[in-house]
Amino acid sequence: MKDSSELAILGGTPAFTNQLYVGRPNIGDRSAFMGRVNDILDRRWLTNNGICVQEFERRLEALLGVKHCIAMCNATVALEITIRALGMTGEVIVPSFTFVATPHSLQWQQITPVFCDIDPETHSIDPRRVESLITPRTTGIIGVHLWGKPCAIEALTEIAHRRNLRMLFDAAHAFGCSHNGRMIGSFGDAEVFSFHATKFFNTFEGGAVATNDDELAARIRLMKNFGFAGYDTVVYIGTNGKMSEISAAMGLTSLEHLEEFIAINRRNYAAYASGLADLPGVRLVPLEGTDRYNYQYVVIEINEQAAGIHRDALLQALHAENIMARRYFYPGCHRMEPYRSYFPNAGLLLPETELLVQRVLSLPTGTAVTEEDIINICAIIRLVLENGVKVAKVLA
Ligand code: T4K
């Protein structure tokens with residue numbers, strides 16, 4: 001174990017020779033995947049609703065307990081299509097504390113994202129603040145299950161029903177998670193998953209829409225394939241949101257490892273919980289209770305006063321050790337373009353978001369990170385905190 005003079009930020013050698021990333025892809029059985037790829041090549045059917053995509057969708061529907069699961073090229077396009085298929089227009093209420101794809105999927109089609117503050121306990125949209133943002137132009141709410149923690153599903157759904165709004169969940173982080181015994185995917189009008197490489201379950205790029213609404217599913221299926229209802233018949237405006245066969249092959253292979261990936265993430269989360277316990281000013285975002293999680297995001301909050309160091313100084317010290325922690329989701333979507341120009345004063349209505357974006361750090365996890373790595377990472381965090389003054393001096 002290092003002593004303080006050996007911290008890389010103070011001139012020592014990095015603790016890790018190779019960089020440890022947040023979002024390193026989990027890769028299942030290579031030979032099973034390669035077998036599927038060979039079959040795809042033999043069939044010479046590479047995309048456009050091939051048999052791998054069809055099988056992948058049926059397996060997802062069974063796993064999630066939903067009537068329809070529509071595989072897509074990524075979650076951003078899946079969000080755009082679903083928002084359009086739901087008939088959202090005007091204004092839609094979303095958190096600013098999310099990946100920028102959430103508001104972009106609205107703004108891309110001239111729908112105004114109205115940013116709502118978060119509950120600092122859960123990091124998700126605060127339902128107590130939603131109602132005051134509803135105007136005659138509001139057509140929907142998008143809740144984000146940030147870090148794979150179900151957001152305030154019941155409270156948001158109740159507001160949406162009462163105010164006649166569409167309820168969509170951005171479940172990009174929450175594949176494999178459940179709420180009150182029901183899999184995420186079956187709530188609201190629809191839910192959208194991401195299977196991007198950085199998610200614990202990946203299809204290289206990919207995503208899916210889950211819904212129990214037959215009509216909505218039919219519309220989404222048309223929209224993701226240019227609106228084609230037959231060889232020569234286009235009945236709807238559409239785009240290209242299709243998943244390729246190779247992505248579905250990766251998805252089918254990843255499905256065979258779902259429980260194993262979650263178990264490794266859970267083990268890693270537990271190692272962080274014990275390694276960071278009792279560290280002043282460090283709060284590990286809790287994943288507890290009866291809901292099921294995928295533990296893909298290990299997120300800590302650094303309270304500068306109590307920790308004796310700002311989150312950004314800790315981040316630099318970790319990067320110097322080749323621990324590539326990330327500031328998800330700094331600086332908040334309202335501080336990114338075009339929203340910063342459209343709503344220059346948005347921050348005034350988002351005090352909890354403004355505070356949290358200064359505090360959060362996502363730490364490396366997944367199958368590429370060992371328990372020993374995590375013990376080492378936690379020891380380094382402890383050492384950096386103990387030497388906060390020295391570290392801050394070097395960075396000044
Ligand atoms: N809604 C929410 C709430 C989301 O978080 C996201 C995506 C979406 C919607 C939209 O989903 P998609 O349209 O992407 O399906 C990454 C991902 O690209 C993005 O999918 C994800 N959220 C977001 C949280 O993270 P960046 O800009 O941080 O990616 P990048 O390239 O910096 O990579 C992140 C980390 O992963 C790095 O530490 C390196 C590592 N990495 C990355 C790739 C691509 C690998 O080790 N191997 C890889 O192949 O956005």
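The values are calculated or read from the model by the stated rules, or taken from the named source; none is laboratory data. As the structure is a prediction and not an experimental result, all values here were calculated from the model. Here the Cβ positions follow ideal geometry from the backbone for every residue, glycine too, while neighbour counts run over all protein chains shown.
Test of understanding: among 85, 101, which residue is over 30 Å from residue 300 (Cα atoms) and touching a helix residue (DSSP H, G or I) at 6+ places or on another chain (Cβ under 8 Å)? Only one candidate qualifies: 85.
Within segment 246-264, residues that are in contact (Cβ under 8 Å) with a residue 24 or more places away in the chain have Cβ atoms under 6 Å from residues that are among the charged types (D, E, K, R) in these pairs: 249/36; 255/59, counting only partners at least 6 apart in sequence or on another chain. Just a yes or no: is a residue in segment 93-104 β-branched (Val, Ile, Thr), surrounded by 21 or more Cβ atoms within 10 Å (Cβ to Cβ), touching a strand residue (DSSP E or B) at 6+ places or on another chain (Cβ under 6 Å) and farther than 30 Å from residue 258 by Cβ? Within segment 93-104, one or more residues are β-branched (Val, Ile, Thr), surrounded by 21 or more Cβ atoms within 10 Å (Cβ to Cβ), touching a strand residue (DSSP E or B) at 6+ places or on another chain (Cβ under 6 Å) and farther than 30 Å from residue 258 by Cβ. The numbered conditions (1) touching a residue at least 40 places away in the same chain (Cβ under 8 Å); (2) closer than 21 Å to residue 348 by Cβ are all true for residue 101 except (2). Determine, yes or no, whether residue 48 is under 11 Å from residue 249 (Cα atoms), away from the ligand (no atom under 16 Å from the Cβ) and out of contact with any strand residue (DSSP E or B) (no Cβ under 7 Å at 6 or more places or on another chain). The answer is no for residue 48.
Candidates in segment 21-30 are the residues that are more than 9 Å from the ligand (Cβ to nearest atom) and buried (at least 16 other Cβ atoms within 10 Å of the Cβ); of these, the one that is farthest from the chain's Cα centre (by Cα) is 28. Here residue 366 clears all of (1) of a type outside the set (S, T, N, Q); (2) within 27 Å of the chain's Cα centre (by Cα); (3) surrounded by fewer than 21 Cβ atoms within 10 Å (Cβ to Cβ) except the condition numbered (3).
Here the helices (runs of 4 or more DSSP H) wholly within segment 311-396 that include at least 1 residues being at pLDDT 95 or above, out of contact with any His (no Cβ under 8 Å at 6 or more places or on another chain) and not polar (S, T, N, Q) are 311-320, 339-342, 351-356, 371-386.
Scanning segment 265-278 for residues that are aliphatic (A, V, I, L, M), out of contact with any strand residue (DSSP E or B) (no Cβ under 9 Å at 6 or more places or on another chain) and touching a residue at least 12 places away in the same chain (Cβ under 8 Å) returns a single hit, 271. Checking each residue in segment 198-226 for being within 11 Å of the ligand (Cβ to nearest atom) and part of a strand (DSSP E or B) picks out 207, 208. One residue stands out in segment 176-197 among those that are of a type outside the set (Gly, Ala, Ser) and in a loop (DSSP other than H, G, I, E, B): the one that is surrounded by the fewest Cβ atoms within 10 Å (Cβ to Cβ), namely 180. What residue, among those in segment 159-175 that are in contact (Cβ under 8 Å) with a residue 12 or more places away in the chain and part of a helix (DSSP H, G or I), is farthest from the ligand (Cβ to nearest atom)? Filtering segment 159-175 for residues that are in contact (Cβ under 8 Å) with a residue 12 or more places away in the chain and part of a helix (DSSP H, G or I), the one farthest from the ligand (Cβ to nearest atom) comes out as 159. For the structure I just gave you, tell me whether residue 40 is within 16 Å of the ligand (Cβ to nearest atom) and outside any loop (DSSP other than H, G, I, E, B). When the stated conditions are applied, residue 40 does not pass them. Can you confirm whether residue 236 is part of a loop (DSSP other than H, G, I, E, B) and in contact with a strand residue (DSSP E or B) (Cβ under 9 Å, 6 or more places away or on another chain)? Taking the combined requirement at face value, the residue satisfies it.
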